[in-house]
Amino acid sequence: MSVAGLKKQFHKASQLLSEKISGAEGTKLDEDFMEMERKIEVTNKSVFDLLSKTTEYLQTTELSGLGLKQHN
């Protein structure tokens, strides 16, 4: 998880704790916001997976290219 993601999770946890201690009611998020947040999380995961697989593919391609050059 990225540093920004950890900061966000920490902020959420500390806000929830503050609300529980003080008895304050948490901010109500509308349905559109919740859906957008879910889509962003899915997109972030997809981009991370794609980046990981692309890097793996490029490294594999580079290694196989080096092997071909050695045999010629």
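Taken together, the values in this text are just the output of simple stated rules run on the coordinates, not laboratory data. Bear in mind that the values here come from a model prediction, so they are computed numbers and not experimental data. Quick reminder, even Gly has a Cβ in these numbers, built from the backbone with ideal geometry, and neighbours come from all protein chains shown.
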For the residue 34, residue 58 Cβ pair and Förster radius 30 Å, calculated FRET efficiency rounded to 0.05 is 0.25
Taking segment 1-64, which trypsin sites (Lys or Arg not before Pro) meet the DSSP loop condition and have no more than 15 other C-beta atoms within 10 Å?
28
Eligible aspartates and glutamates near residue 45 by straight Cα distance, threshold 14 Å, same-chain separation 8 or greater:
37
Of the GluC sites (Glu not before Pro) in segment 1-54, which ones lie in a loop per DSSP and count no more than 11 other C-beta atoms within 10 Å?
25
